[in-house]
Amino acid sequence: MIFWIAGGLAAAAVLFFVWRRAGRRHRAVQVDAREHFEAGEVLASIPEGVFIVDPAMRIRLANPGLAAMFQMDAPPVGLSVVEAFGQAAVHRLVQEGLAGGKPHRGEIVVEQGRTTRTFDLSITPLELSAGRPGAVVVVHNITRIKNLEQVRRDFVANVSHELRTPLTIINGYLETLLDGGLDDRAMATNALGVMFKHADRLKRLVDDLLTISRAESSTFRLETERLDLRELLRRVVEQTDGLIRAQGASVRITAAGDDLTLEADALRLEQVFLNLLENALKYGNRPGLQINLYVERA
């Protein structure tokens, strides 16, 4: 009887021990599942593309942001980098990151139809299970940044060209005057007139640059007032009268309606129409060019 009781107690102890281990394992599985779920939720909420690769360059984890970024039907889990992206540049960057064992970064350009997009890839080494080397890759779409950089480069190039022309002309006439041109009154008068015109052009270019700078500033404010659009257009035409006559062009203002007043910043609105008129004269440069300015209340 004593032996049976001892044996029963031993069996109960074993069952209790197994039950405790099973409970711990169950809780560990629950914790692991919860952490995996939370990690998945975090990845899904990241707008940038994120994926993890193993030593064989196969994708083990990817978020929906990656699929959306590269217009994939689903996250490319299980595919190789080449199969997923079809881009040798992506494969090369990820491979370099895995081989180097330290953070690596690079850019790729992807052409999809008529669209060209630029992506920045950040590859960081990551230790997978069983100590295997892997990497986590974060992909940023920097197409808009690249486009803005190109716009700024084009803008600087255009402004440099626009500034160089009047400066060259003014410098040339100054050299002529210094070389004895002052003795020829008619030539000196003509030279001063030309220099004055191009100095005024320089002033307007600098004013445009200052306007752009102020517009990008958070302190930029419009100063509105009641103004008549017909009068504003007349002032614009008067300011470009020299250019109009030099090109043999004609500008006509047509106003429909009696009340053409509105609340606006007169200086800014005048600059808008001035730029439009100057561009029309510049790019429509031909003998007998006719420009019509039509205004009516919508």
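The values are calculated or read from the model by the stated rules, or taken from the named source; none is laboratory data. Treat the numbers as computed from the prediction; the structure is a model and nothing was measured. Neighbour counts are summed over all protein chains in view; Cβ atoms, including those assigned to glycine, are modelled from backbone coordinates with ideal geometry. Ligands, DNA and RNA are excluded from the accessible area calculation, which covers all protein heavy atoms including side chains. Shrake-Rupley method; radii C 1.70, N 1.55, O 1.52, S 1.80 Å.
Computed quantities for the displayed model
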{"quantity": "Extension gain, Asn158 back to Asp179 (0.36 nm per residue minus Cα-Cα distance, nm)", "calculated": "4.4 nm"}
{"quantity": "Two-site FRET efficiency, Asp258 against Thr224, from Cβ-Cβ distance with R₀ of 25 Å, rounded to 0.05", "calculated": "0.70"}
{"quantity": "Inter-part distance where segment 106-131 and segment 237-270 are each reduced to a Cα centre, Å", "calculated": "52 Å"}
{"quantity": "Extended-chain gain in nm, criterion 0.36 nm per residue less alpha-carbon gap, Lys197 and Asp265", "calculated": "21.9 nm"}
{"quantity": "Accessible area of segment 143-260 divided out per residue, in Å², using a probe of 1.4 angstrom", "calculated": "71 Å²"}
{"quantity": "R0 of 25 Å, Cβ-Cβ distance Val109-Gln71: FRET efficiency to nearest 0.05", "calculated": "0.95"}
{"quantity": "Shape of segment 92-224, Cα gyration tensor, a/c cut at 1.5", "calculated": "prolate"}
{"quantity": "Inter-label distance for Val272 and Leu126, nm, one decimal - labels placed 7 Å from Cα along Cα-to-Cβ", "calculated": "5.0 nm"}
